[in-house]
1. Would you check if Leu66 is assigned to a loop (DSSP other than H, G, I, E, B) and within 16 Å of ligand 2 (Cβ to nearest atom)?
2. Can you tell me which condition Gly35 does not meet? The list is (1) touching a helix residue (DSSP H, G or I) at 6+ places or on another chain (Cβ under 7 Å); (2) more than 14 Å from Leu81 (Cα to Cα), and all the others hold.
3. I need the strands (runs of 3 or more DSSP E) fully contained in the range 259-359, keeping only those with at least 1 residues that are of a type outside the set (Gly, Ala, Ser) and in contact with a Pro (Cβ under 8 Å, 6 or more places away or on another chain).
4. Suppose the filter is over 21 Å from Pro321 (Cβ atoms) and within 17 Å of the chain's Cα centre (by Cα); does Gly168 pass it?
5. Hey, among Glu85, Glu97, Glu53, Glu60, which residue is more than 22 Å from Cys24 (Cα to Cα) and touching a residue at least 40 places away in the same chain (Cβ under 8 Å)?
6. For the range 215-252, how many residues are assigned to a helix (DSSP H, G or I) and not acidic (Asp, Glu)?
7. Determine whether the range 239-248 contains at least one residue that is closer than 19 Å to Thr129 by Cα, buried (at least 20 other Cβ atoms within 10 Å of the Cβ) and within 18 Å of the chain's Cα centre (by Cα).
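The values are calculated or read from the model by the stated rules, or taken from the named source; none is laboratory data. Note that the coordinates shown come from a computational prediction; the quantities given were computed from them, not determined experimentally. When we count neighbours, we look across all protein chains shown, and the Cβ atoms used for this are built from the backbone with ideal geometry, even at glycine.
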Amino acid sequence: MDTNALEQLAEDIYTCNRSRCGFCVADCPVYRVKGFEAYTSRGKMLIARALLEGLIEPSEEVQEILDGCLLCGYCQARCALNNLEVITSLRSRMNQEGLSSPEHQQKVSRIVEEGVLFDRPVPMKREGTTPLYLGCLYQSKPVEARTIISVLERCGLDPLVVEETCCGYFAEAAGFEDDFERIQEKFTEAYGEHADQEILTLCPTCTITLRERYGLKVKHAIVAVAERMEELNPGQLELRATYHDPCHLGRMLGILDEPRDILRALGVELVEMEHNRTFSSCCGGGGGVADTDPDLALEVAKNRIRDALGVGVENLITVCPTCEPTLLRGASRLANETDVFVDVRSLWDLLDEALPQDE
Ligand code: SF4
Ligand code: SF4
C-alpha cells in the first residue's frame, strides 16, 4: 500500500493523536448529526495513524466515514494542523485501493470526458471585456446566471463569458488526483488567453480552485459589487434576515464583510447566527456528501436552518450556488416538522430587486 502522502503528513497526524484537544469535535456539522467521533477530524486523524501503522486496512467502513466528510474546513479553522490535507489524502488512498463510491466515479468520469459536471441547457456566451467564469452550477442554471449578469451590468461591468470547462474541484475533493490533472489541462486549453486576465467568479468553490490550484488571478464577483456599492443608489428592502457564510467564500477566502456590507446597503437588518463568519457551519452541500448520503446532507442543512430559527429569523441570505438549493431543501423539510418556513434567498436576487433597472 502506497503510504507516501500520509507519511508526509505524519507529524500533523501524531501531533493530533498526542494532544487530542478536541476543539474540532462538538461543532463539526457531521458530528452534530451523527454523534460519532470517527466522523470528526480528530477521529480521522486516528484512522490515518492506524492506516500508517498497519493497524487497520482500507475498507468500505473507512471509505463510508471519509465520504461522510463535507470538507467544510470548520475543523481546520479550529486547529493549527493541515486537517483538510489529511482528509483528502485519506480519500485519495481509498481511491487507490479501489474504494470510491460509484456516484463519485461517475461524476469524475463525466468531467474528464465531457468537461462538465452538470447538464448545460443552453450555451452561455457573452461578448464583453471582463472575463466572468460561471462554473458548472451556474452553467446549469441559465436563469440565475442571466440575473447575475444583469446585476453586474448595472454595476458598470461588462462580463465576457466564453466556452468554459469544469474547474475540476470535485475530482480532487473525491480523491481522483490523476483525473484532476487531466481536467486542469482541458480547462487551460478551453479558457485560453483569458486566463492571463483577472477573472470574475461566481462559485466560491471554483474561486478557490482557480486561485490555489491553477494560480490564476481571480476575484469573486460579489467583491466587485461591494467595491461599487457606494455609487449604486439601491432601493431599500426592509428585510430582517441572517446571512449564511458559504465555507469556501467565508472561512477559506476570507470574504466575510463584503456580503454583509451589501446587505446593510440594501436596508437589510442583519441578525447573526451562533455559528458565523470563520466559524460558520456548512450547509450540507460540501465534499460530495449529497451524492453518497443525501439523508446526512439534508440533516446538516436542517441544522443550519435551526441555527437561523435559534436567533428568531425567518429569512436567510447566502451567495453560493450550492448553499442556496441545499439550504432551501433543508428549510422545506424542516417546515414539515416545525410549521415555520425559513425563506432562503440568494444575495444576487436581492441585488436584482434593489438595483435600478437599466432604461
Ligand atoms: S484535529 Fe486539531 S483540533 Fe481536532 S483534536 Fe486534533 S489537534 Fe485538536
Ligand atoms: S471538514 Fe467539516 S465535516 Fe469534515 S471533519 Fe472537518 S468539520 Fe467535520
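1. So Leu66 fails the test.
2. Only one criterion is unmet by Gly35, namely (1).
3. Filter on the range 259-359 gives 315-318.
4. In short, no.
5. Matching residue, one of Glu85, Glu97, Glu53, Glu60: Glu97.
6. 13
7. No, the range 239-248 contains no residue that is closer than 19 Å to Thr129 by Cα, buried (at least 20 other Cβ atoms within 10 Å of the Cβ) and within 18 Å of the chain's Cα centre (by Cα).
Conditions tested, residue by residue: (1) closer than 27 Å to Asp158 by Cβ; (2) touching a helix residue (DSSP H, G or I) at 6+ places or on another chain (Cβ under 9 Å); (3) within 16 Å of ligand 1 (Cβ to nearest atom); (4) not in a helix (DSSP H, G or I).
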residue: Ser89; (1), (2), (3), (4): no, yes, yes, no
residue: Met94; (1), (2), (3), (4): no, yes, no, no
residue: Ser100; (1), (2), (3), (4): no, yes, no, yes
residue: Val108; (1), (2), (3), (4): no, yes, no, no
residue: Glu113; (1), (2), (3), (4): no, no, no, no
residue: Phe118; (1), (2), (3), (4): yes, yes, no, yes
residue: Val122; (1), (2), (3), (4): yes, yes, no, yes
residue: Pro131; (1), (2), (3), (4): yes, yes, no, yes
residue: Cys136; (1), (2), (3), (4): yes, yes, no, no
